[in-house]
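Peer 1: Would you mind keeping the following structure in view while I ask a few things?
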Amino acid sequence: MPEFDTDSDLIKEYKYGFFTDIESDTIPKGLNEEVVAMISGKKNEPVWMLEWRLKAYRRWLKMKSPRWAFLDYPEIDFQNIHYYSAPKQNVDSTELDPELMKTFERLGIPMNEHDALSGVAMDVVFDSVSVGTTHKELLEEQGILFCSISEAIQKHPELVKKYLGTVVPPGDNYYAALNSAVFTDGSFCYIPKGVTCPVELSTYFRINAADTGQFERTLIICDDHATCSYLEGCTAPARDSNQLHAAVVEIVALDHAEVKYSTVQNWYAGDKDGQGGIYNFVTKRGHCRGIKSKISWTQVEVGAAITWKYPSCVLEGDGSSGEFYSVAFTNNKMQADTGTKMIHVGKNTSSTIVSKGISAGQSSNNYRGLVKVYPGATHARNHSACDSLLIGRECSANTFPYIESEDDTAALAHEATTSTISEEQLFYLKSRGISEEDAASMVVRGFCKDVFKHLPLEFSVEAVKLLEIKLEGSIG
Amino acid sequence: MAYLDIQNLHASIGDIEILKGVNLQINKGEVHALMGPNGSGKSTLSSVIMGHPSYDVTEGDILLEGESILEMDPDERARAGLFLCFQYPVAIPGVSISNFLKKAMDARHPEGKTPAGPFLKEMRENMAYLDMDKSFANRGLNEGFSGGEKKRMEILQMMMFKPGIAIMDETDSGLDIDALQVVSKGVNKMRGPDLGLLVITHYERILNYIEPEHLHVLMDGQVVMSGGPELVKKLEEYGYDWVREQTMATA
């Protein structure tokens, strides 16, 4: 088989669907305590980390897979997954394997310090391991720690011990427990007091090996008065079997800290008939621990066969605020159940939710959100706007907003709309000389504007382009 | 051969025939007015010329520069030189006017891209001419616009796209005198040897501002009477009943 089968229709549609033929170090399929210990061993982890993993594993065994989401998929056979796969690299070399370099070039990710995007420091996770981080020196000058989580466990154990699992505890939910037991890599960043991170921090996740789950773990800590912006992107080869991606992201914001977390998720979504694709079961949560801290999630979800994901904010510090801006696009047989939770605990906390769901083909696109105000969280404010846009007649959209307020002083507002791209809108734009496809993408882009404007500039351009590619052929 | 030649045009929506053999010729440099009572088929005619998918042409033809446009999509018709000033322009939320105009200009450009500098300059000049505030360019297309703002937006597009034929579908409806004057100012600026204009209206009022050389009366899906500017006065004086009597007499 040629390395890149560029004639395949599949690959034309999903240009990141290629596979890199690289020798890898993969442990046998299956999951048990031995496998957990093997992963820990591969990473040369201290005993406390192994114990933490085993505890999570034992917890997971007693839990049941969540079925409350509006999703339809067969039971996952957890014994039929490789839990660790890493490209073999020459240990003596600081250079990346040339095959990997080629892969990243095709994905449009510059891994040379030389070519690296100015203004973006990058960590790349390939299957189970981080394969390189750029801009290290610049960050070190400021005292910023940005490395793989495996490296952080070795070099900064006190920080990892202090914060890991404090936002998403191992027993939080089924997939978080699984992740805690078998996570293989991910990014770690710590921004010290008073430092504004001078570059965008970015992680690119790539699943390459077959039948491999990717379980990454990301931990971001912003100390008092520190600020950072973090970007995340993901792709995987096109395969006709499903692959599991169960990540956990934890963010801690201390007094007056601000974290902006942006995702463009473009996992392989399966083919037109729903064969293959990534199951994206992710737990992302931010904890506004300090006063007047702020965490903002912006996500553009255009891939994955199934998305189960609710980036959330726990607003504990008085005067803290949380934001969630989301565009979720589903096509063909894709299913998404995504949204957010805003948990108001502190006084004068505020949250904003803007969700835009676009469904095409026979897909199902659901918003699920919770706004909870605890007693004593006086003068909490939330504004939620959830809009759905339907393209064609066979897709569906649902909105499940939950509001639980236990404080009389809360001011909560929710709006929701569902619309279709109307024939009159298309006719109007076409009568101005604009082609039908451009007209439809213009309407969609306009629909998403309130979310795209929160993305960092390069990301926003990328997101618009990506959405246009995804829309091709779904109109008419 | 006329620039726009409508020949025995029959069109229906569902099973209902609305246009029943319309004949109309318009050349560049000419201003035609089309009047008629409610339900005579005026707006249908403009939609059919532009290619609205809800209508079926069952007989006849529409020729632009001698070529039939019936098989062309609305966007191809627009690029070939047709423009329709909508009676009720729809809103496209989140799409800024400057983005929209740029995209529409790009679609007309042979290389697919209009240079940004000259484009912005022209847009700003035209907006100033139509008494539109600069900040307008950043607003969502027709999003929350007043009736007058929507119509100015239509005229702005016409000034930018420079069509060979512009059809104004009841552009005067719902406009106050100030807005009507601004709209007419824009249209009159465009008048000249490169533009053929079809002003569709229910009232004579707009014809005091945009004076036509030709007037046609549409009744029950057919052009029943055509004449020069003197016909406007007669119509104003005697009304459509007089037209009915006249056509009955000749029939």
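The values are calculated or read from the model by the stated rules, or taken from the named source; none is laboratory data. In this text, all values refer to a predicted model and were calculated from it rather than measured experimentally. We place every Cβ from the backbone using ideal geometry, glycine too, and count neighbours over all the protein chains shown.
Peer 1: Taking the range A:271-305, which residues are under 25 Å from A:Ile81 (Cα atoms), surrounded by fewer than 24 Cβ atoms within 10 Å (Cβ to Cβ) and over 13 Å from the mean Cα position of the chain (by Cα)?
Peer 2: Within the range A:271-305, A:Asp271, A:Lys272, A:Asp273, A:Gly274, A:Gln275, A:Gly276 meet the criteria.
Peer 1: Name the single residue that is farthest from the other protein chains (Cβ to nearest Cβ) among those in the range B:90-102 being surrounded by fewer than 21 Cβ atoms within 10 Å (Cβ to Cβ) and of a type outside the set (Gly, Ala, Ser).
Peer 2: Filtering the range B:90-102 for residues that are surrounded by fewer than 21 Cβ atoms within 10 Å (Cβ to Cβ) and of a type outside the set (Gly, Ala, Ser), the one farthest from the other protein chains (Cβ to nearest Cβ) comes out as B:Lys102.
Results for (1) farther than 14 Å from A:Phe215 by Cα; (2) part of a loop (DSSP other than H, G, I, E, B); (3) modelled with pLDDT of 90 or more, shown as yes or no for each residue.
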{"position": "A:Leu100", "(1), (2), (3)": "yes, no, no"}
{"position": "A:Ser130", "(1), (2), (3)": "no, no, no"}
{"position": "A:Glu158", "(1), (2), (3)": "yes, no, yes"}
{"position": "A:Lys162", "(1), (2), (3)": "yes, no, yes"}
{"position": "A:Val167", "(1), (2), (3)": "yes, yes, yes"}
{"position": "A:Cys189", "(1), (2), (3)": "yes, no, yes"}
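Peer 1: Here are some residues: B:Ile210, B:Ile177. Which one is of a type in the set (Val, Ile, Thr) and surrounded by 15 or more Cβ atoms within 10 Å (Cβ to Cβ)?
Peer 2: One residue alone meets the criteria, B:Ile210.
Peer 1: Does A:Ser441 fit the bill of being crowded, with 20+ Cβ neighbours inside 10 Å, in contact with a helix residue (DSSP H, G or I) (Cβ under 7 Å, 6 or more places away or on another chain) and either of a type outside the set (A, V, I, L, M, F, W, C) or assigned to a loop (DSSP other than H, G, I, E, B) (or both)?
Peer 2: yes
Peer 1: Every residue in the range A:166-194 that is closer than 21 Å to A:Lys42 by Cβ and touching a helix residue (DSSP H, G or I) at 6+ places or on another chain (Cβ under 7 Å), please.
Peer 2: Of everything in the range A:166-194, those that are closer than 21 Å to A:Lys42 by Cβ and touching a helix residue (DSSP H, G or I) at 6+ places or on another chain (Cβ under 7 Å) turn out to be A:Pro170, A:Ala177, A:Leu178, A:Ser180, A:Ala181, A:Val182, A:Thr184, A:Asp185, A:Gly186, A:Ser187, A:Phe188.
Peer 1: Only one of these is more than 14 Å from every other protein chain (Cβ to nearest Cβ), out of contact with any Ser or Thr (no Cβ under 6 Å at 6 or more places or on another chain) and at pLDDT 95 or above: A:Ala380, A:Ala411. Name it.
Peer 2: None of the others qualify; the one that does is A:Ala411.
Peer 1: Pick out the one residue from B:Leu45, B:Leu19, B:Leu9 that is away from every other protein chain (no Cβ under 14 Å) and without any contact (Cβ under 8 Å) to a residue 60 or more places away in the chain.
Peer 2: B:Leu9
Peer 1: Any idea which residue in the range B:201-251 is nearest to the chain's Cα centre (by Cα), counting only those that are among the charged types (D, E, K, R) and under 30 Å from B:Glu59 (Cβ atoms)?
Peer 2: Here the residue is B:Glu213.
Peer 1: Being touching a helix residue (DSSP H, G or I) at 6+ places or on another chain (Cβ under 8 Å) and assigned to a helix (DSSP H, G or I) is the filter here; which residues of the range A:42-54 pass it?
Peer 2: Passing the criteria: A:Trp48, A:Met49, A:Leu50, A:Trp52, A:Arg53, A:Leu54.
Peer 1: Only residues that are touching a residue at least 12 places away in the same chain (Cβ under 8 Å), aliphatic (A, V, I, L, M) and within 23 Å of B:Phe145 (Cα to Cα): list them for the range B:174-198, please.
Peer 2: Of everything in the range B:174-198, those that are touching a residue at least 12 places away in the same chain (Cβ under 8 Å), aliphatic (A, V, I, L, M) and within 23 Å of B:Phe145 (Cα to Cα) turn out to be B:Leu175, B:Ala179, B:Leu180, B:Val182, B:Val183, B:Val187.
Peer 1: Would you be able to say whether some residue in the range A:383-396 is surrounded by fewer than 19 Cβ atoms within 10 Å (Cβ to Cβ), within 14 Å of chain B (Cβ to nearest Cβ) and either in contact (Cβ under 8 Å) with a residue 12 or more places away in the chain or touching a helix residue (DSSP H, G or I) at 6+ places or on another chain (Cβ under 7 Å) (or both)?
Peer 2: Checking the range A:383-396: at least one residue is surrounded by fewer than 19 Cβ atoms within 10 Å (Cβ to Cβ), within 14 Å of chain B (Cβ to nearest Cβ) and either in contact (Cβ under 8 Å) with a residue 12 or more places away in the chain or touching a helix residue (DSSP H, G or I) at 6+ places or on another chain (Cβ under 7 Å) (or both).
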